[in-house]
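Below is one structure, written out as structure tokens; comments come after it.
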Amino acid sequence: SGVAAPTRTEVLQLYRSLLRVARQFCDYNIREYSKRRTIDAFRDNKNLTDPFQLSAAFSDGKAQLEVAKRQALVYSLYAPKVKSIMDIKPS
């Protein structure tokens, strides 16, 4: 068949890249959501064997990586001055 399934190395690189991008989010909730979503998606697709499904899941993951990179950049540009409510000084 004409579809080349991604190698194990490529899949692991994608996984690590998604987790690395997730760490760039300033907001704890978004950071944890992104991390959890990555882990869950890879766990759900762990048993795929069909080359077409593997390629589709891999290209979807790469698209998600690009979206996450853009979002991390946008969130960093508009990050709140105060990282935590605990940092607010009472007046």
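To the nearest ten degrees, helix 51-77 and the longest principal axis of the Cα atoms of the chain are 20 degrees apart. Whole-percent P(r), the range 3-44, all Cα pairs, 5 Å bins from 0: 5, 24, 25, 22, 13, 7, 4, 1.
What is the percent carbon and sulfur in the accessible area of the chain, measuring with a 1.4 Å probe over the protein chains and ignoring ligands? Carbon and sulfur: 55 percent of the exposed surface of the chain. Diffusion coefficient of the chain by Stokes-Einstein, Kirkwood radius over Cα pairs, 4 °C, 1.567 mPa s: 88 µm²/s. Calculated accessible area for the chain comes out at 80 Å² per residue, all protein chains present (probe 1.4 Å; ligands, DNA, RNA ignored).
Relative to the longest principal axis of the Cα atoms of the chain, helix 28-44 runs at roughly 10 degrees.
Helix 8-22 axis versus longest C-alpha principal axis of the chain: approximately 10°, rounded to the nearest ten. Considering lysine pairs in the chain that are 8 or more places apart or on different chains, how many have Cα atoms under 25 Å apart? Qualifying lysine pairs in the chain: 10. Taking 0.36 nm per residue of separation and subtracting the current Cα-Cα distance, fully stretching the chain between THR49 and LEU12 would add 11.7 nm.
So the label point goes 7 Å from the Cα of ALA79 along Cα→C-beta, right? Which residues of the range 2-46 then have their backbone N under 20 Å from it? Residues passing the 20 Å test: 17-36.
Packing, taken as the mean count of other beta carbons within 10 Å per residue, orders the peptides 42-52, 58-68 from highest to lowest as 58-68, 42-52.
The values are calculated or read from the model by the stated rules, or taken from the named source; none is laboratory data. Since the model is a prediction, treat every value here as computed from it, not as a measurement. Backbone-built Cβ (ideal geometry, glycine too); neighbour counts: all protein chains shown. In case anyone asks, the SASA skips ligands and DNA or RNA and just uses the protein heavy atoms, side chains included. Shrake-Rupley method; radii C 1.70, N 1.55, O 1.52, S 1.80 Å.
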